Amino acid sequence: MKKKRTPLNEQIRAKEVRLVSDDEGHFGVVPVSEALEKAKEKGLDLVQITDNVVPPVCKITDYGKHVYEENKKKKKQEKASKVQLKSIRLGFSISEHDMETRAKSAVKFLEEGDSVRIVLPLKGRQKALQEVGKEKIERFLEMLSEKVELKIEKEVSREPRGLTVTVIKK
C-alpha cells in the first residue's frame, strides 16, 4: 500500500481553500495565491488537511511539525486498538486464597485495557453441579468488581468443556 502524500504549497490544485492557522484561527474561504502569500509571510507552509470537501481545508503550519503530529496520532490509535483477550482458569475446587491471587492478575490485565475470559472447566460428575460452578464464577466476579469497575461482555455460558464469562473494564 502506497502512502498518500499530503499536498503542500504549490502542490495544492484547488482555486480556493478554506484557510485555518495554528495561532490566528479561521480566515474563511480565500484564493490559493492569497493563502500561499500569507504562509510565506509567516515563513511557514500551506498544508492541505482535507481533500474530500469543496473547498479543501488548508492550514498554515510547519510541514515537519504537521507530519510529526499525524504520525503521533496514528501510533496512539494503533496502540488503543490492540486489545487482547487474556484467560484466567479457575478450578472447580479452588480455594479462596487462590481465587484472590487470580483476581489480582485479572485486575492487572483489565488495567492494561485487555478483556479477560474466566474459564471454569467441568469434568465428569462436576458437569452435574453446574450451579456450584456458576456460584464460583459469580464469587470471582464479585472479587474483581471490588477492585475495578467491570462490564460483562459475554454472560456466563455453558460450553462443551465448562463455564466461561468474558469481562472488560468500564
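Looking at the structure I just gave you, is Val132 touching a residue at least 24 places away in the same chain (Cβ under 8 Å), assigned by TED's automatic domain parsing to the domain that holds Gly162 and assigned to a strand (DSSP E or B)?
Criteria not met by Val132.
Counting residues that are of a type in the set (Ser, Thr, Tyr) and over 22 Å from Val167 (Cα atoms), which helices (runs of 4 or more DSSP H) fully inside region 19-120 reach at least 2?
Ranges flagged: 63-81.
In region 63-85, is there at least one residue being among the basic types (Lys, Arg), over 22 Å from Arg13 (Cβ atoms), surrounded by 11 or more Cβ atoms within 10 Å (Cβ to Cβ) and over 19 Å from the mean Cα position of the chain (by Cα)?
Looking for residues that are among the basic types (Lys, Arg), over 22 Å from Arg13 (Cβ atoms), surrounded by 11 or more Cβ atoms within 10 Å (Cβ to Cβ) and over 19 Å from the mean Cα position of the chain (by Cα), one finds at least one in region 63-85, hence yes.
Take Lys147 and tell me if it is in contact (Cβ under 8 Å) with a residue 24 or more places away in the chain, touching a helix residue (DSSP H, G or I) at 6+ places or on another chain (Cβ under 8 Å) and of a type in the set (D, E, K, R).
yes
The values are calculated or read from the model by the stated rules, or taken from the named source; none is laboratory data. Everything numeric in this text was worked out from a predicted model, so none of it was measured. Please note: Cβ atoms are built from the backbone with ideal geometry, for glycine as well, and neighbour counts cover all protein chains shown.
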